[in-house]
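Below is one structure, written out as structure tokens; comments come after it.
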Amino acid sequence: MTVTTVRVPAKVNLQLGVGPVRDDGYHDLVNVFHAVSLFDEVTATPAATLTITVEGPAGVPVGPDNLAVRAARLLASHAGVEPRVALHIRKDIPVAGGMAGGSADAAAALVACDALWGTGMSRETLLELGARIGSDVPFALLGGTAVGLGRGERLTPVEAVGEFHWVFGYADGGLSTPAVYAECDRLRTDAPAAWPVVSDDLMAALKTGDPLALGRALTNDLQPAALSLRPSLAAALAAGVESGAVGSLVSGSGPTCAFLASSSAHAAALGKTLSGTGRFSAVRQARGPVSGAVLI
Ligand code: C5P
């Protein structure tokens with residue numbers, strides 16, 4: 001192949017249960033991931049050396065720290081090939097927004113470079129390499145709806161009926177994921193975390209496809225920490241409730257706010273109302289679940 005392009009979705013967490021901090025600094029999670037139709041695209045073109053360019057919002061590192069660059073290097077060294085590729089990322093997923101945009105780009109780079117270099121990695125190997133790059137990378141490969149245990153990388157797909165309709169409210173400026181986890185630990189100093197368990201109400205809502213039940217079942221243990229670091233998020237979430245969202249929560253470590261609608265038409269109306277509140281730098285409509293990283 002001469003050029004490969006991979007489209008990869010953002011995620012929202014339907015449940016983010018955060019357990020106590022582990023010896024390695026990570027937290028054991030019950031992380032119910034849901035892939036939504038906001039996409040980045042990563043294009044891999046043959047080149048003499050590894051380079052990276054980014055099109056879209058500011059704030060994406062364009063050096064060795066870029067997760068797509070790390071993914072390409074890891075795949076090359078695992079496969080015993082030279083990382084000769086020019087990566088180009090077209091970003092639509094918010095940067096440092098709690099929607100796993102960087103992890104999505106890493107997943108896309110793995111799939112794009114595997115096809116470009118003909119390295120023929122199995123699905124299992126790509127998932128394993130992805131987990132070495134970041135906890136959310138395996139889910140970006142898988143897509144759909146899935147429960148992630150451990151750091152969030154041990155995935156089990158969940159059968160969800162039908163489609164759900166979302167509105168996402170972007171914020172100006174991101175939040176650092178490690179800072180939000182650290183704030184979560186700080187807020188829990190007096191009351192150590194209980195071990196999280198998968199929510200029965202959430203699984204039942206996914207089985208029936210009922211948005212009202214799903215809206216009631218959404219939970220995020222990182223939300224108090226995100227609100228503590230970014231107090232304006234409280235009013236942003238309240239705006240969603242006042243505008244008729246059937247569920248609202250901070251997406252992952254934030255600061256993107258996720259609002260659930262009862263139908264596609266309701267999401268369009270909700271998006272319009274939320275745009276008018278002036279509380280978000282952008283408002284986007286999306287549906288889920290969608291598939292993970294795919295060659296296009
Ligand atoms: O795995 P990843 O590099 O994406 O994680 C980013 C940061 O988020 C980690 O350095 C850690 O601070 C925090 N984290 C955590 N527990 C997890 C996943 C992430 O504490 N299960």
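Dividing the summed helix terms, -39500 (n - 2.57) for each DSSP H run of n ≥ 4, by the number of residues in the chain produces a 222 nm estimate of -10500 deg cm²/dmol to the nearest 500. Each peptide among 268-279, 110-121, 38-49, 243-254 gets the average number of other Cβ atoms lying within 10 Å of its residues, and from highest to lowest they stand as 243-254, 110-121, 38-49, 268-279. To put it simply, the accessible area of region 4-158 at a 1.4 Å probe is 52 percent carbon and sulfur.
The spacing between region 121-164 and region 62-116, judged by their C-alpha centroids, is 16 Å. With θ taken as phi - 60° and the Karplus curve 6.51 cos²θ - 1.76 cosθ + 1.60 applied, the whole-hertz 3J(HN,Hα) list for region 57-62 is x, 6, x, 8, x, 10 Hz, x standing for glycine and proline. Looking at region 4-158, the DSSP beta bridges with both ends there are about 85 percent antiparallel. Over region 164-288, accessible surface divided per residue gives 45 Å², non-protein components excluded, 1.4 Å probe.
Compute the relative contact order of the chain as a whole-number percentage, counting only Cα pairs closer than 8 Å that sit 6 or more residues apart in sequence.
Values: 726 pairs, mean separation 77.1, N = 296.
This gives 26 percent for the chain.
Using a 1.4 Å probe, what is the accessible area per residue for region 4-158, in Å²?
Numbers: 5470 Å² over 155 residues.
With the other protein chains kept in place, region 4-158 gives 35 Å² per residue.
The values are calculated or read from the model by the stated rules, or taken from the named source; none is laboratory data. Treat the numbers as computed from the prediction; the structure is a model and nothing was measured. A quick note on method: Cβ atoms are made from the backbone with ideal geometry, for glycine too, and the neighbour counts reach across all protein chains shown. Side chains included, ligands, DNA and RNA excluded: accessible areas come from the protein's heavy atoms. Shrake-Rupley method; radii C 1.70, N 1.55, O 1.52, S 1.80 Å.
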